[in-house]
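Working notes for the structure below.
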Amino acid sequence: MNDLFYHRLKELVESGGKSANQIERELGYPRNSLNNYKLGGEPSGTRLIGLSEYFNVSPKYLMGIIDEPNGSSAINLFKTLTQEEKKEMFVICQKCLF
């Protein structure tokens, strides 16, 4: 894992207004476990998923694979549409279902 993981994790911790120790307690992690990633440690798959769910970001974002925190899921794309575009999408989906 590269330095980007720790950099993004650190940004998320700072933007959340909590200390890393507070987050560790909330998640049930040992003390300083988040800081250990600064030294190049890699999270387990379970920890990666837990952190991504806690911060509401994609695991791929934390890993540095994508640049958008929430990825490009259909739900996230739908949220970016205007009301008219959502209505049009609804009509298209209805046509596909019947």
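Things to note:
- Highest average packing first - 83-94, 25-36, Cβ atoms within 10 Å: 25-36, 83-94
- Ordered from largest to smallest accessible area (heavy atoms of protein chains, 1.4 Å probe), the residues I49, I23, I66 come out as I49, I66, I23.
- Entry for Cα Rg over 2.2 N^0.38 Å (calculated from the structure that is shown) out of [x] 1.02; [y] 1.95; [z] 1.41: [z]
- Residues in the chain average 72 Å² of solvent-accessible surface per residue, probe 1.4 Å, ligands and nucleic acids excluded.
- Relative contact order of the chain: 23 percent, from C-alpha pairs under 8 Å at least 6 residues apart in sequence.
- Lysine pair count for the chain [Cα-Cα under 16 Å; pairs on different chains or 8 or more apart]: 6
- Between I65 and E84, the simple label model (points 7 Å from Cα in the Cβ direction) yields a spacing of 3.7 nm.
- Given their separation in residues at 0.36 nm each and the Cα-Cα distance between them, N32 and K10 gain 6.6 nm when the chain is fully extended.
The values are calculated or read from the model by the stated rules, or taken from the named source; none is laboratory data. Treat the numbers as computed from the prediction; the structure is a model and nothing was measured. Because the Cβ atoms are built from the backbone with ideal geometry, glycine has one as well, and the counts that use them run over all protein chains shown. These area figures cover heavy atoms from the full protein model, side chains too; ligands, DNA and RNA do not enter into them. Shrake-Rupley method; radii C 1.70, N 1.55, O 1.52, S 1.80 Å.
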